Amino acid sequence: MRNIFLDVDTGVDDALAIAYAVRSQLLEVVALTTVFGNSNISETTNNALSIVNILGQDIPVYRGSGIRIDGSY
């Protein structure tokens with residue numbers, strides 16, 4: 001089994017990726033980190049926490065930077 005970290009901006013596509021990775025017999029999801037992208041950092045972090053909860057998993061979720069390359073939030 002391979003340990004992995006997923007860096008996500010949890011929208012529908014990343015929610016599915018998290019679910020597939022968690023259910024894979026080849027992977028062990030060690031933690032999730034979140035970034036802005038599909039939405040602001042607060043929403044992507046809350047989405048990741050919700051997915052972990054829905055899947056019944058005890059995976060740590062770490063909030064990443066909410067600052068975009070252009071310096072905005």
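Of note:
- Within the accessible area of the chain (1.4 Å probe), percent carbon and sulfur: 53 percent
- In order through the stretch 35-41: 3J(HN,Hα) via Karplus (6.51 cos²θ - 1.76 cosθ + 1.60), integer Hz, x for Gly, Pro: 9, 5, x, 4, 7, 6, 4
- Here the relative contact order of the chain, from alpha carbon pairs under 8 Å that lie six or more residues apart, stands at 33 percent.
- With a simple spin-label model that places each label point 7 Å from the Cα along the Cα-to-Cβ direction, the separation between A19 and D58 comes to 2.4 nm.
- Calculated accessible area for the chain comes out at 66 Å² per residue, all protein chains present (probe 1.4 Å; ligands, DNA, RNA ignored).
The values are calculated or read from the model by the stated rules, or taken from the named source; none is laboratory data. Note that the structure is a prediction, hence the values are computed from the model and not measured. Neighbour counts run over all protein chains shown; Cβ positions are idealised from the backbone, glycine included. Accessible surface is based on the protein model in full, side chains and every heavy atom, while ligands, DNA and RNA are left aside. Shrake-Rupley method; radii C 1.70, N 1.55, O 1.52, S 1.80 Å.
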